[in-house]
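Since the structure comes first, as structure tokens, the remarks are kept for the end.
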Amino acid sequence: GEDVEQSLFLSVREGDSSVINCTYTDSSSTYLYWYKQEPGAGLQLLTYIFSNMDMKQDQRLTVLLNKKDKHLSLRIADTQTGDSAIYFCAERTGGKLIFGQGTELSVKP
Amino acid sequence: KAGVTQTPRYLIKTRGQQVTLSCSPISGHRSVSWYQQTPGQGLQFLFEYFSETQRNKGNFPGRFSGRQFSNSRSEMNVSTLELGDSALYLCASSLDSGEQFFGPGTRLTVL
């Protein structure tokens, strides 16, 4: 079946790195995504990775993909208070996105 | 380049009524997908349209329908509204695959 799992909460101190983890089940997923959602807002695309890649870096964001274990992670370097939000992992499969439950990131000054 | 726009942003309806939501994708994007977001069920896929044809459909009842016009703008309709239809409805646009950009959503409240 199609399922994406994430831990629900993560709390870090400002300036530290944050690592948000995600596992998925569909090995035929073509793309995997990370989205950010702030209160009352839509989903902001942070980054995405094609399934034949292991890693993608974009400024403070690093995505690691372990296809064997079906594990995806998002590392945010030098986390700021403005990074506080809910982060969703999603896999693209069968023409649709399957989302995790979201990880609420809390950044303490 | 303008992003995905959705109208209206907020809507209040009563049970039994019907509602139409609109989505304008990024210029040049031909794929439009719709998602429902609720606290209990999270983000769930409703349907995808590409070049005016429904290409994929999620597990929602027939009360939920959609269409896409020749200019790629899309509408979704919910008939005979139920309390459980209260949600944030999100539209996403893409060229075909890869990047999927979401709009700000329409917040629907059913009383």
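The values are calculated or read from the model by the stated rules, or taken from the named source; none is laboratory data. Quick caveat: nothing in here was measured; it's all calculated off a predicted structure. Every residue, glycine as well, gets a Cβ built from its backbone with ideal geometry; the counts of neighbours run over all protein chains shown.
Residues of region A:55-64 being modelled with pLDDT under 95 and in a loop (DSSP other than H, G, I, E, B), which ones? None; the set is empty.
I need the full set of residues from region A:19-44 which are of a type outside the set (S, T, Y), part of a loop (DSSP other than H, G, I, E, B) and crowded, with 18+ Cβ neighbours inside 10 Å, in order please. Walk me through how you get there before you give the answer.
First pass over region A:19-44, keeping only residues of a type outside the set (S, T, Y): A:19-22, A:26, A:32, A:34, A:36-44.
Among the residues that remain, those that are also part of a loop (DSSP other than H, G, I, E, B) are: A:26, A:38-43.
A:G42, A:L43, listed by residue number.
Inclusion of B:S24 among residues that are surrounded by 16 or more Cβ atoms within 10 Å (Cβ to Cβ) and either more than 10 Å from chain A (Cβ to nearest Cβ) or at positive phi (or both) is warranted. In region B:87-96, the qualifying residues are those that are of a type in the set (G, A, S) and more than 10 Å from chain A (Cβ to nearest Cβ), and the one that is surrounded by the fewest Cβ atoms within 10 Å (Cβ to Cβ) is B:A87.
A quick yes/no check of all residues on (1) surrounded by 12 or more Cβ atoms within 10 Å (Cβ to Cβ); (2) more than 14 Å from chain A (Cβ to nearest Cβ); (3) at pLDDT 95 or above:
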position: B:Q37; (1), (2), (3): yes, no, yes
position: B:Y49; (1), (2), (3): yes, no, yes
position: B:G62; (1), (2), (3): no, yes, yes
position: B:R73; (1), (2), (3): yes, yes, yes
position: B:E82; (1), (2), (3): yes, yes, yes
position: B:D85; (1), (2), (3): yes, yes, yes
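Here region B:58-96 is the region considered, the condition is being touching a residue at least 40 places away in the same chain (Cβ under 8 Å), in a loop (DSSP other than H, G, I, E, B) and in contact with a strand residue (DSSP E or B) (Cβ under 9 Å, 6 or more places away or on another chain), and the residue that is farthest from B:I26 (Cα to Cα) is B:E82.
In region B:97-111, which residue that is within 14 Å of chain A (Cβ to nearest Cβ) and assigned to a loop (DSSP other than H, G, I, E, B) is nearest to B:I12 (Cα to Cα)? The qualifying residue nearest to B:I12 (Cα to Cα) is B:G105. Flag: A:N52 does not match the condition of being at pLDDT 95 or above and away from every other protein chain (no Cβ under 11 Å). In region A:98-109, which residue that is crowded, with 20+ Cβ neighbours inside 10 Å and over 15 Å from A:F9 (Cβ atoms) is nearest to the other protein chains (Cβ to nearest Cβ)? Top of the filtered list is A:F99.
One residue is enough: does region A:78-97 have a residue meeting the conditions closer than 15 Å to A:E2 by Cβ, in a strand (DSSP E or B) and more than 13 Å from chain B (Cβ to nearest Cβ)? No, that holds for no residue. Reported count of residues in region A:6-31, each being within 14 Å of chain B (Cβ to nearest Cβ), closer than 23 Å to A:T79 by Cα and at pLDDT below 95, is 1. Residue pairs whose Cβ atoms lie under 8 Å apart, separated by 6 or more positions or on different chains, with the first residue in region A:1-17 and closer than 10 Å to A:Q101 by Cα and the second acidic (D, E), are A:V4/A:E91; A:L8/A:E104.
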